[in-house]
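To start, the structure under review is shown below, and the notes come after it.
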Amino acid sequence: LADSGDVVPVSVGGQSVLLVRDEANEINAFYNVCRHRNLQLIDETGNCGRLIRCPYHSWSYDLCGNLKNAPYFGGEANALPPDFQLQDHGLMPVKCAVWHDWVFVNLDAEAPEFENFLQPILNQLGDNDVADYQPVATIEFGEVKSNWKLLMENFIEPYHVQFVHKTTTSQPLQDHYPIIDEHCLGSAVDLSEDQVASAGEGTLGVTSHYLTLFPNFVLGTYQPDQLGVHLNIPLSAGVTVQRRVIYAHKDAVYSEQKIQQIKDLWHSVHLEDHAICERLQAGRHSAMAAQGGVLSPHWETSVRVFQELVADAVRPSLQK
Ligand code: FES
Ligand SMILES: [Fe+2]
């Protein structure tokens, strides 16, 4: 979405939403549906120029979603039926906010202001300003055969790190602590200079904060100069798509070789987590899993809160 007219279709909670950059350089989000007969408007990422044109009967919308033209709708080329106002048939907007490099959308028009929603993760970041970081690499993981919530739960608990990431990390369990700050959940590990110096070659052995914003935004900070961001995008109940973007501090100098090493490390770490989450997903189909399990009152408190947030989020629709 770098330029005016750049448009991207995304799936949000099973709804198709289009994101577009307008001529005032703002990013807007709309339901990806023509207001005439509800055709899905944008089917691939691209640039639509100054208008989003429906291929069916050529209704066209400007980049702010206003309907500009509904040709022949009233009979003649520019005729409109009596009582039909173009301004009543613009694209249906979706709440949208941008934080640094990331676009957040919320289908709930009553959702709280994003600035307030962001506050807990800003508190956790402290004086580490994400605006100082630039993307240097992307890893596409494609589809993981696991529910997105299992991937989130796995990310926010430190208990598994010593076992699952035995060869890829040098972060002792006892130096971790869970993070529970409203809907910013995660864990962190603070390492001494000696621990960092003695970390295994090619492993992750730095002070790291594994943060999330409910429901599915993930942001890790890795001292002194790296961020990693990924989304757990649900495709279905059993399939999630992941893409990780690696960011470097603007004052850091990353060689091509270093970037490749970082990519290789994160590729390995994610694959270790995917294998576990796919087995978790399989295990949840067992009749025995209906009883649920147990959570460590010390290491998995953030998982407990995550599950409560999920329950709070789905309860209203279950009661309908
Ligand atoms: S459905 Fe879009 S113009 Fe007819
Ligand atoms: Fe992990």
Exercise. Would you say Ala131 is under 26 Å from Ala29 (Cα atoms) and either open to solvent by 40 Å² or more (accessible area, probe 1.4 Å) or at pLDDT below 95 (or both)?
Worked result: yes
Exercise. Restricting attention to the range 46-55, and to residues there that are more than 18 Å from Ser16 (Cα to Cα) and assigned to a loop (DSSP other than H, G, I, E, B), which single residue is least open to solvent (accessible area, probe 1.4 Å)?
Worked result: Gly49
Exercise. Is it true that Val269 is β-branched (Val, Ile, Thr), crowded, with 18+ Cβ neighbours inside 10 Å and within 30 Å of Thr207 (Cβ to Cβ)?
Worked result: yes
Exercise. What are the residues in the range 86-141 that are assigned to a loop (DSSP other than H, G, I, E, B) and closer than 23 Å to Gln242 by Cβ, if any?
Worked result: His100, Asp101, Leu107
Problem set entry | Number of the condition not met by His165 [criteria: (1) surrounded by fewer than 19 Cβ atoms within 10 Å (Cβ to Cβ); (2) at pLDDT below 95] | (2)
Problem set entry | Residue satisfying all of: in the range 5-47; more than 17 Å from Met92 (Cβ to Cβ) and more than 23 Å from the chain's Cα centre (by Cα); nearest to ligand 1 (Cβ to nearest atom) among these | Glu23
Exercise. Looking at Asp101, Asp62, Asp88, Asp22, which is the one that is more than 16 Å from ligand 2 (Cβ to nearest atom) and either assigned by TED's automatic domain parsing to the domain that holds Asp129 or touching a Phe, Trp or Tyr at 6+ places or on another chain (Cβ under 8 Å) (or both)?
Worked result: Asp101
Seminar exercise, completed: Taking the range 65-75 and keeping only residues that are assigned to a loop (DSSP other than H, G, I, E, B) and either within 16 Å of ligand 2 (Cβ to nearest atom) or not hydrophobic (A, V, I, L, M, F, W, C) (or both), one is left with Gly65, Asn66, Pro71, Tyr72, Gly74, Gly75
Exercise. If you check Asp43, Asp101, which single one turns out to be among the acidic types (Asp, Glu) and either open to solvent by less than 40 Å² (accessible area, probe 1.4 Å) or touching a residue at least 60 places away in the same chain (Cβ under 8 Å) (or both)?
Worked result: Asp101
Exercise. Is there any pair with a first residue in the range 217-231 that is in the same structural domain as Val12 (by TED's automatic domain parsing) and a second that is modelled with pLDDT of 95 or more whose Cβ atoms are under 9 Å apart and which are 6 or more apart or on different chains, and what are they?
Worked result: none
Exercise. Does Trp299 qualify as being open to solvent by less than 30 Å² (accessible area, probe 1.4 Å) and either assigned to a helix (DSSP H, G or I) or in the same structural domain as Leu191 (by TED's automatic domain parsing) (or both)?
Worked result: no
For this session: Scan the range 56-78 residue by residue and report those that are near ligand 1 (Cβ under 9 Å from one of its atoms), open to solvent by 30 Å² or more (accessible area, probe 1.4 Å) and touching a strand residue (DSSP E or B) at 6+ places or on another chain (Cβ under 8 Å).
Result: Ser58
Exercise. In the range 1-41, what count of residues is obtained for those that are closer than 18 Å to Tyr56 by Cα and among the aromatic types (Phe, Trp, Tyr)?
Worked result: 1
For this session: Kindly indicate whether any position in the range 122-141 is within 13 Å of ligand 2 (Cβ to nearest atom) and either farther than 22 Å from Glu272 by Cα or not small (Gly, Ala, Ser) (or both).
Result: no
Problem set entry | Number of the exception - Lys263 against (1) in contact (Cβ under 8 Å) with a residue 24 or more places away in the chain; (2) within 16 Å of ligand 2 (Cβ to nearest atom) | (2)
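The values are calculated or read from the model by the stated rules, or taken from the named source; none is laboratory data. The model shown is predicted, which means the values in this text are computed figures rather than measured ones. Glycine gets a Cβ as well: all are built from the backbone with ideal geometry, and neighbour counts include every protein chain shown. The accessibility values were calculated without ligands, DNA or RNA, using every heavy atom of the protein model including side chains. Shrake-Rupley method; radii C 1.70, N 1.55, O 1.52, S 1.80 Å.
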